[in-house]
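Student: Once you've had a glance at the structure underneath, I'll fire off some questions.
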């Protein structure tokens, strides 16, 4: 139903409540929608993606995708293990069509709860089966980008998963059948993120990489991004908000999120970034950052953020502390779970993952030297953070 | 010199002390069936809720049962949360594959008997933050290594500590095996019955329809004469009238149009939203109720009148 028709129909239904037309007519046209200002080539894929793209990890409303598309977003990242995200996106595709205007990325993994990434020893048929499941949920005949997801989340068998013959064989068949177009790999650490992504870039098998990358990230990721640029591998950044901590700090004028985005996007080899969009307000707010240059005001905003959080933020993917603990406690993983607990509102997920760890942070309580703290190049208060993590993440005995 | 009366009284009291101590001791040794039976009212049979074999997994040892007296032993720091919601008892068991070394269960299953479906729902609603909805039990969610759902008055949590590859299977088998009971949640009782899909009950903690204002929303899906639509309700923290005003601003801000109407004599708004379609809102007591998924405002208004009649009655 068109706007004019609605108003006419609703006016008939309206009563003499005295208020009449209440909103929309003037204000909607006065404010006008913000829109994407920049599209960049995604490596050699021939695709151009919106610099601000849609992270669909919390997607719960198909109308939000339609709004995002009308604001110019053309790339959306989902996964079978993001709850109903694929179903909701599929609902959008069925209802709104415009499939050719949307670049859809999903993952090689099982449907359901987070963490169902396929191991490297899975048969080719399993990879194909996973993608077939995604195609059905998404109501589409093809997927633009299929990811080998979350490399380095585990500490063993990562190379096997990255370069699995079965995975590569399955992708080749899917591509030939027109069901998948491009192969990608993502990593948010905590183990060997840059090493694994560098290997992916140099392998020649991947069209796109998606690293965790932000202004507080350690300096090796730009090296990987530069290498990707040389090989024509597209780069999409994620985790760009450095842990998504409280941002209500004085930032010198520029909104923190906009400054963080423009820092990432000032690298010409980064095609775009994905950020979780859960509602209309964040959609509009994030899209307003599109095309903004990185300025002195941006730097001021980031400096103030770093001042407030640097010693509290364990850099995703760093892992410098991993060999320092004589007890073999995986400090980086525990602090990442703590980040999910404290900053992402995913308490249960974090607690369950922590419960599955063999060595926990209770070992840190009696540690005198805290060699992990000495190993941290960023001065993070590791011991204090570990004690806090154990308290937050522990299942009661 | 004979002792004074006061001295005699003091001596008599001293002599009585051993007798008092003996009486207290003997009383403490007396058999108290309420203590020794360990079968508090309503808890009997709780351990039988969980079978020894589920989905090809075997229970490790036997199920443990916690009551309000000792719940803190299992959920230290969180017991008060469950007690305040009407907690009755908790049954806990560990499950593993038959070929797994004993002593380290791959899965734990917690079944909270919350005495009433709405209490179970209260626990689920609070504990499902950050989790994703899934179709299990009456309402269910999943997250990394965990599935949680309600069935009747039971609130169930299944956690994986290993690969988690049988988590869904285990949770599904449990949901099927746990006893049925009173079906309806009071939160859903305000919705009209005709065409309401049993599998279409949802709870959305935040960002309902992409609007931050709409939180902790109960949603009921309908199918009538080939038309699919939804009714929803929630209790805002702010007075409903304030939320309605804020909603009008949000609708305007996102480019929608709203008109004031009456549904069965109660003021509300009809919204035309290019993306969400036609939807409507009104207030019933402390609640916001509404409907969405229509293409025809007249049909929407008719349903809203039905909804107001049911919810207001």
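The values are calculated or read from the model by the stated rules, or taken from the named source; none is laboratory data. Given the structure is predicted, the values throughout are model-derived calculations rather than measurements. Note: ideal-geometry Cβ built from the backbone for every residue, glycine included; neighbour counts use all protein chains shown.
Student: Would you be able to tell me the number of residues in region A:121-147 that are assigned to a helix (DSSP H, G or I) and either surrounded by 16 or more Cβ atoms within 10 Å (Cβ to Cβ) or in contact with a strand residue (DSSP E or B) (Cβ under 9 Å, 6 or more places away or on another chain) (or both)?
Tutor: Qualifying residue count for the region: 11.
Student: A further question on this structure: Counting residues that are more than 14 Å from chain B (Cβ to nearest Cβ) and either within 30 Å of residue A:227 (Cβ to Cβ) or at pLDDT 95 or above (or both), which strands (runs of 3 or more DSSP E) fully inside region A:1-84 reach at least 2?
Tutor: So the answer is A:39-41, A:48-50, A:52-55, A:75-77.
A quick yes/no check of all residues on (1) in a loop (DSSP other than H, G, I, E, B); (2) under 20 Å from the mean Cα position of the chain (by Cα); (3) within 14 Å of chain A (Cβ to nearest Cβ):
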| position | (1), (2), (3) |
| --- | --- |
| B:157 | no, yes, yes |
| B:191 | yes, yes, no |
| B:198 | no, yes, no |
| B:206 | yes, yes, yes |
| B:219 | no, yes, yes |
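Student: Could you check region A:280-315 and list, in sequence order, the residues that are within 14 Å of chain B (Cβ to nearest Cβ), under 16 Å from the mean Cα position of the chain (by Cα) and not in a helix (DSSP H, G or I)?
Tutor: none
Student: Within region B:288-313, restricting attention to residues that are farther than 20 Å from residue B:228 by Cβ and out of contact with any helix residue (DSSP H, G or I) (no Cβ under 7 Å at 6 or more places or on another chain), which residue is nearest to the other protein chains (Cβ to nearest Cβ)?
Tutor: Across region B:288-313, the extreme among qualifying residues is B:308.
Student: Looking at this structure, is residue B:109 more than 10 Å from chain A (Cβ to nearest Cβ), more than 30 Å from residue A:56 (Cβ to Cβ) and in contact with a helix residue (DSSP H, G or I) (Cβ under 9 Å, 6 or more places away or on another chain)?
Tutor: yes
Student: A follow-up question, please. Give B:243, B:213, B:194 a once-over and let me know the one that is loosely packed, with under 15 Cβ neighbours inside 10 Å and over 25 Å from residue B:148 (Cα atoms).
Tutor: B:194
Student: State all residues of region B:159-174 that are within 14 Å of chain A (Cβ to nearest Cβ) and either in contact with a strand residue (DSSP E or B) (Cβ under 8 Å, 6 or more places away or on another chain) or not in a helix (DSSP H, G or I) (or both); if no residue qualifies, say none.
Tutor: B:159, B:160, B:161, B:162, B:163, B:164, B:165, B:166, B:167, B:168, B:170, B:171
Student: Across region B:143-153, which residue is farthest from residue B:113 (Cα to Cα) among those that are in contact (Cβ under 8 Å) with a residue 24 or more places away in the chain and either facing chain A (nearest Cβ under 8 Å) or surrounded by 24 or more Cβ atoms within 10 Å (Cβ to Cβ) (or both)?
Tutor: If we take residues in region B:143-153 being in contact (Cβ under 8 Å) with a residue 24 or more places away in the chain and either facing chain A (nearest Cβ under 8 Å) or surrounded by 24 or more Cβ atoms within 10 Å (Cβ to Cβ) (or both), then B:147 is farthest from residue B:113 (Cα to Cα).
Student: Take the conditions away from chain A (no Cβ under 14 Å) and surrounded by fewer than 21 Cβ atoms within 10 Å (Cβ to Cβ) and apply them to residue B:85. Does it pass?
Tutor: Spelling it out, residue B:85 is indeed away from chain A (no Cβ under 14 Å) and surrounded by fewer than 21 Cβ atoms within 10 Å (Cβ to Cβ).
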